[in-house]
Every structure is written in C-alpha cells, then in structure tokens.
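Input: a single structure, listed below in structure tokens.
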Amino acid sequence: MDQPINPSRRSFLKGSAVLAGGLIIGFHIPEKTRAADAAGSEQTFAPNAFLRIAPDDRITVIVKHAEMGQGVATSLPMLVAEDLEADWQKIGFEFSPVDPAYNHTVFGIMLTGGSTSIANSYEQMRKAGATARVMLTEAAADTWGVDASECSAREGRVHHGDNSLSFGELADKAAQLPPPAEVALKPKAEWRILGKPLTRLDTPAKTNGSSTFGADIYLEGMLTAVVARPPLFGGRVKSFDPAGAQRVEGVVKVAEVPNGVAVIAKDFWAAQKGRKALQVEWQAGPESDISSSGLEKLFREKAQESGNLAKKAGDVEQALKTAAKSVEAEYLVPYLAHAPMEPLNCVVKLDEQGCEIWTGTQSQTLDRKAAAEVAGLAPEQVQIHTQMLGGGFGRRASKTNDFVREAVAVAKALGDGTPVKTFWDRTDDIRGGYYRPMYLHKVHIGVDDKGQPSAWHHRVVGQQLMKGGPFEDAMIQDGVDATSVEGITDLPYAPANFQVEDQPVELPVTTLWWRSVGHSHTAFVTETMADEMAALAGKDPADYRRDAFQDHPRHLGVMQQVLKDAGWGKPLEQKGGVRRGRGLAVHKSFESYCAEVAEVSVQADGSFRVDQVYCAIDCGKIVNPDTIRAQMESAIAYGLAPVLKSRLTLQNGRVQESNFHDYEVLRMQEMPAVAVSIIDSDEKATGVGEPGLPPLAPAVCNALYAATGKRVRTLPVDSGRLAS
Amino acid sequence: MLELKVNGATHQVDVAEDTPLLWVLRDHLQLTGTKYGCGESLCGACVVHLDGQPSRACTTPAVAATGREITTIEGLSEKGDHPVQKAWIELDAPQCGYCQSGQIMSAVALLNRNPKPTDADIDNAMNGVICRCGAYNRIRAAIHRAAESMEG
C-alpha cells in the first residue's frame, strides 16, 4: 500500500503494520447481516477486530462509523472502554477498513447516517469490551493459578490480592484463550466512563493542523483533477475543445468522463485554471429550463390534486366541512445544499494491483461497490481508507456514490496508475446537485363546535428523495416516500379525522438526504400548524400540546423540561423599540425526542434576531453528555441558516448561487445562546446528530408570530413581512 | 522560483506566479493544516499570519508573501499548547474540525491586538470565519478562556 507523504498524517493510515503482537478481539456478524451482505457480493472473511491491546498497554478501538463532527470516534471507544474496564488515558482509535465485520448492525452495510451510530453499536461495542475483559481476567487468573472469579479488572489492570498485571502484560496470553460465549455488561451503578462528559479523542489533532481529512491526502506523484460538470441538470457533454486547458502550465491531461470533462494537473491551481480555459458545449437534458418560480407554480397546481395516501383515519373531508373553525395554509421551502466546510474530494490509485481510495465517506460499502463497477474490478479488489470528514450532513453518503464513482472514472481516464485526487471547489459543491428537495405543503385543519381539534389534512408536494438510491424499494411503497411524510404520519396531535398524502413530482434536479432528512421540513409545518390548532382551540400552545401528549410521555417529558428552563409563561425582558416573542416546538425524530423554545427580537423593519434557544433532548441512555450538548448546539446552528437565509434558486435550469456570498450560512454574530437539558433515561440509546434540528425552525417561527402576530409559512423568512 | 519563509524555515518552490499561498502551502509544502473552503476570502478556513497579521491564504498570491514571516497552524506552537489551542481543547470546541485552523489563527490574531475582547469584539473579529458545525458559542467561550489564561 502506498503511504501518504503528508508529514502530518496520523498513524491510522499504517493499517495492519501495527497489528503485530497484542490481543485482537473480534466478532462474527449475525447471519441476517451476512446474508444481506452476500447479496452485495461482499466477502465475509475478515479480521473482525474492534479492539487491539498492545503490549505497551495502548488500546486502539477500531471505529466502524465515519467521524464528521458528531463525536462517534469518542463515543464508540467509550462504550468499549466501559466494559473493558480500560484506563481511558490509554485509549486511541482508528477507522476501520471496509469489511462486513464493520457493517451497520441494522442496515447490513457500512453506513453512517440516520443518527443511528450509537443505536446500532451500543451493545456490540460494550460486548466487545466485556469479552476482552473476561479474557484478560482469565489470562491473569491462569498466570497466578487462581480462579478467575476471584480476580477483578479495573482501570487497565487485573488484580488478585497483592498481584496485579496490566492489560498490555496480559495481552498475548489472553489472545491464546477462546472468547467466552456470553458476557455480562456492567450495571449502570458501576459505570465510570459512560454518562461522563469526556473530552473528545480527536480534539487535539483538530487544534494543531494534524487531523487528516480526505483533502489532506498527498501521495507520491499524485495529480489533482477538477471536473467540468453540466451546468444543467440531466445535461451531458456534446463536444469539447481541450486546447485552451492544455496550454495551461501544469495541466497533464484533459479527458471526458461520464459526468463531464476532467482536467488533470500537477496541482489544484493548474487544474482549476485549466478548467477555466476549457471549452465545452453541453447537451441539455429534458426539462432543462426549469426555474424556482416555475416550480412553485407547478407545485401549487399539483397541490390541488390528491396525492398518494400515506395515512388515513376517519373522514377528513367531512370533518372539515362541518368544522366550526378552520385554517388552510400553504408552506414552501427551497432546495438546500449541504455545503460542508470541506468540499468533496476523493483520492484514487488505480493500477494492476487494484483500486485504493482515500476519502471521507459515510457510505463505504456502496462506494466500494460503485468504484468496482467503474474500475471493472471485483469489490474486494477495492479498498477504501476512510479519512476524517470535514462535515457530512448527508452529502457524503451519496445515494448514487457520485463523487467516488467520478473520481475512479478520472483515475481510469488517466490510465497510468498515477494516484489522482479529484477535488471539488466551492462552486462545484453549491451547484453540484444532490440537494434537500424543494417542497410545498398544503395543510387544512379544523376544530369542531366544542373547540376540539377534529381534522388535519396534510399534502406534501415535491421530489421523492429516496428515488434512484439504494433504499428506493424499501422506502417508497404504494407511491409514498416515507421520508417525504416522516414526522407527519406519526403526528402526536392527530385528530380522529387525519389524512396525509405524498404528491410526488419528477424533476431532473438530483436530491439527497440533508441533516434530519424529511423532518427538516415536515416539523416546520406540523409544529407551526400545531400552534395554529392551539389558537383555533383557544389554548396556549404549551397547554394544547400537554393535552395531546397524555399518551406520549417522552414528548411530554422534553416539553416540560424546556418550558421550565425557558420560564415559559413569564414575561420576556423588554428591550426598547423591539418586539419580542417566545415560541415552542416539540418533535420526535430518529427515535429521539426534542423540544425547543426560541426567543426572538424583531425590529420595526422586520429584521430579527434569535437571541436564545432552550433545548431539551431525550435520546435514551446517555453516552457522552458533552457530545449530546454539542450536537444540539450544532443542529440549532445548522437549522437556523435556512430559516434566516440559505436557499438555492433555479433560473433557466441553472443554480444561481455559487459560493458563501450568495448561499449564505450561519455566522457567529447570528448564533443564539443555547442552553441544553438532557433527560436522564434508561431507554435505548438513540441518535443525537439530527434530532435537534427539526424543532428549531418552527420554534423560531412560532416566536416570530408571538412577537408580530404574523404567521411564517415560507423559508427563509421574508423579514419585510414582519415590519410593524 | 519563489522563496517563502514558513514557520521559520525557508523553502524554494517552483510554482506558477499567480498561485495562491494556500495552494503552495498545501500542494507543494504539504502543510495541510491550512484549509480550502471557498477560494474567495468568504469563509476563513485558510487564515494564516503574515508578519503576525491574519491573512486569507486562498486569495493571497504566494508572490506577495515573499520576504514575510508566514505562520500556519503547524507553526503556532511547538507542542500544540498555545493558550488558544489549550482553551480549544478544554472546551472541546471542534466538531468536524475542518475550519478550526482558520478559527484558531483568527482568534490568536484577535488576542494579539486585543488581549481582553468583549463578546462583541469576538463576534466582529470572527464573523468572517464559517463553522458549518455551528461551534460558535464554544469558540467564543474558548477565546475568553484563552484571554484569561494569557493575562494570568
């Protein structure tokens, strides 16, 4: 394997070179997973290791999930270390290779997404630690000629009377023992690591420039490619003239690839200059003249027709006819780019030895399969070295494996085995598609003559983002994409007459899951409409929800906590000349429950600031409370950007925005103060990367209503409408 | 051939005249701590110091950095223990971490000219450095923490 020459690279790139000596603990994957994997023609042979203990006591936890800031490279080692009885100071980590042993225990492939990393690994990682502890303890007992039950492991050592041996000293002997069939996990009362706010293992390297992201891989002789991609969705290359690009000093090759024209050069600067000098004539695809305003009109027309039924209870039409009071509302949200700080990139070395890939990806198994297809190899001839991800938010789990596929095609076009890094600049990132789709919601709610909520009719118009991806068959059933209506179909306020419809639109714009997927828009609609229902019923938004949550104790739990934290009901501190308001939203997503209260200040001209967000999260058992807090802060920041300003605009088939000056994201001055409460729970540990996001937009918009009396139904907020 | 002094060491690099400093640092010197984020001075991921002043390496031609002291994140401290780096670790400021070199270099420059910044001073100085993970509140708190430790 080629070694990156980057002097700051971390030792995890050395892979098996450090395997010599010590104890390797592995697990066989369950039959179900293996069968699922066989379908993907994966090999089942594997080192199967989650844990390595070196003779010098260093413990390396092999992390099967992508670290994109969510803290998984610390939380998975914490789970292992707890039941291992490890000394936390000796714990390190590295990212796993692609192997079925590291498959997601539910999805059956290596994948990081859906806020499931902890949920699917919790037992697996704890058992990995417990198994090692049992074997180390037995090795010590055997050394001393005593019964293992008389020995105890604690903080990296096994003790018996005055005898004590470190895990490192016991590693080789333990490696000779058979693993136990069953292991018991430590009871909560004995936890020393889980539930503690430990410092992240990856923080020091992220403060001194040594953390290695995909972009930071430099191999001997490596070239850099940029790709000219069609400016219109569904377009392709008609013809191109490479002469201008070839005249740029440093450009090595100009080659057509399936998705455009690649300019390959000695460094990024030459490649980018070469691309500017390249002449390409593009062939437009169907519907290449679409615009956001045209789509708005189309979606509005579509909203008049019945969609595919996702949920039906009672007779919503009749209930609305007889409603004493009702509200009909139309909501609109735009396309959004993920815009991670690290633009996409992928290093490929394709030669007679096979294909090696260095990249930050959330989706190794499918990326590997796609790379093999493009390279004309078997998947096992492709190895992916997962690097740190400079943000993912869903973009690095490409449903078509686009950026890996393209990078392998570039290496193939280069054709001489030289490693090549395909690098996206920011404009490539913003205009490159794979967006959170644009959606229009049409909602009609009513209360009966006693003021009781009686009807909720909800139609979602937009692209089905699961279409064209690996989960299409599982997620799109009876014409309904589960992600288009998630967070609506399980509405805790559903009245007796309740109907949800998915009205799909087919467009050439490529779409993808974006942090919190469907919940990123559905919660905005359901939680602002919940406030409208409360108004129809003549109730305070919190009282209305409290009544509705009688059979939803975890919704109720987070709401009560956040109301207490926010001082709900107490008057807000007044500031001269501004209107202030407080808004509440409660939403369940990814099996976690989250409630937020936002406080806003609105100026006379309608411009506003979100001053403070209170957040309460119930994600079951707590692994690292500081990570949970950080993820709530992060989701609030990421979710606030599209409320304030992020949006993509299509005009004549082209995305108008190109960089952070016009695709605006949250900056420090706009960051609200955030206070997070975590519910102490013994429920199953669930996700934290996404659940903090969905309640943010509705909490802010409900607060804007409280301050101004104006309902907000379009994002980003048109602040001019809020002028007094 | 350009001569650049980076983190105290002198380098001869053979690059096109218009090459931005960022790409000399990354592609030619493999000093990869300084990041590309936008290429247009919009995000601050590439902030380095030129003679102690914060500068956007993505739009600074390398030629313009000749004869000046260039400091990157790798050269900020020998052991990664500058008070700002220590504060960052204490408060676990980074998430994905990609923007953090630019955040830290910007924060160090701020504290060098204003050793006791207010929240507003920090927000003004740091507003140009984007963090998509939204670690802003921790970054602000870490700057205050570093200011305290540098004072002591």
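Any read-out appearing in this document is the output of simple, stated calculations on the displayed coordinates, not a laboratory observation. A quick note: this is a predicted structure, and the numbers were derived from the prediction, not measured. Neighbour counts are summed over all protein chains in view; Cβ atoms, including those assigned to glycine, are modelled from backbone coordinates with ideal geometry.
For the protein assembly as shown, the 222 nm mean residue ellipticity estimated from helices alone, with every DSSP H stretch of n ≥ 4 adding -39500 (n - 2.57) and the total spread over all residues, rounds to -8500 deg cm²/dmol. Here the protein assembly as shown carries DSSP beta bridges of which approximately 75% are antiparallel, counting only pairs with both residues inside.
State whether segment A:36-195 is rounded, prolate or oblate according to the following rule on the C-alpha gyration tensor (a ≥ b ≥ c being the square roots of its eigenvalues): a/c under 1.5 gives rounded; otherwise a/b larger than b/c gives prolate, and the remaining case gives oblate. In terms of gyration-tensor shape, prolate.
If you take the Cα centroid of segment A:425-498 and the Cα centroid of segment A:72-86, the two points sit 37 Å apart. Protection proxy ranking for B:90-102, A:144-156, B:121-133, using the average of other Cβ atoms within 10 Å per residue and placing the highest first: B:90-102, B:121-133, A:144-156.
Here the calculated FRET efficiency for A:Arg546 and A:Glu683, from their Cβ-Cβ distance with R0 = 25 Å, stands at 0.75, rounded to the nearest 0.05. Judged by the gyration tensor of its Cα atoms, with axes a ≥ b ≥ c, segment A:516-556 is oblate; a/c meets the 1.5 cut and b/c is at least as large as a/b. Measuring nothing but alpha carbons in segment A:198-283 and taking Rh as the Kirkwood radius, the Rg to Rh ratio lands at 1.17.
A DSSP coil position with no more than 14 other Cβ atoms inside 10 Å describes the following GluC sites (Glu not before Pro) in segment A:246-288: A:Glu249. Spin-label model, A:Glu305/A:Glu472: points 7 Å from Cα along the beta carbon direction are separated by 2.0 nm. Counting neighbouring beta carbons within 10 Å and listing from fewest to most, the residues A:Thr224, A:Thr105 come out as A:Thr105, A:Thr224.
Using only side-chain charges placed at the Cβ, +1 for Lys and Arg and -1 for Asp and Glu, the dipole size of segment A:401-455 relative to its Cα centre rounds to 20 debye. For segment B:71-132, the dipole from Cβ point charges (+1 on Lys and Arg, -1 on Asp and Glu) about the Cα centre works out to 100 debye, to the nearest 20. Across chain B, counting alpha-carbon atoms alone, Rg and Dmax equal 15.0, 46 Å. Setting aside same-chain residues fewer than 8 positions from A:Lys90, which lysines have a Cα under 21 Å from its Cα? Qualifying lysines at Cα under 21 Å: A:Lys14, A:Lys64, A:Lys127, A:Lys173, A:Lys186, A:Lys196, A:Lys206, B:Lys79, B:Lys86.
Mean separation of Cα pairs under 8 Å and 6 or more residues apart, divided by the residue count, gives segment A:593-724 a relative contact order of 42 percent.
For segment B:1-84, GluC sites (Glu not before Pro) are listed when DSSP marks them as loop and at most 15 other Cβ atoms sit within 10 Å of their Cβ; the list is B:Glu17, B:Glu78. Of the residues A:Val261, A:Val408, the one with the fewest other Cβ atoms within 10 Å heads the list, and the complete ranking is A:Val261, A:Val408. Normalised radius of gyration (Cα atoms, divided by 2.2 N^0.38 Å) for the protein assembly as shown: 0.95. FRET efficiency for the pair B:Glu151 and B:Glu78, taken as 1/(1 + (r/R0)^6) with r the Cβ-Cβ distance and R0 = 22 Å, rounds to 0.50. Remark: the Cα gyration tensor places segment A:576-619 in the prolate category, a/c being 1.5 or greater and a/b exceeding b/c. Using the Cβ-Cβ distance between A:Ala184 and B:Thr66 with R0 set to 51 Å, the FRET efficiency works out to roughly 0.20. For chain A, a simple Cβ point-charge model (Lys and Arg +1, Asp and Glu -1, everything else neutral) yields a dipole of about 1640 debye relative to the Cα centre.
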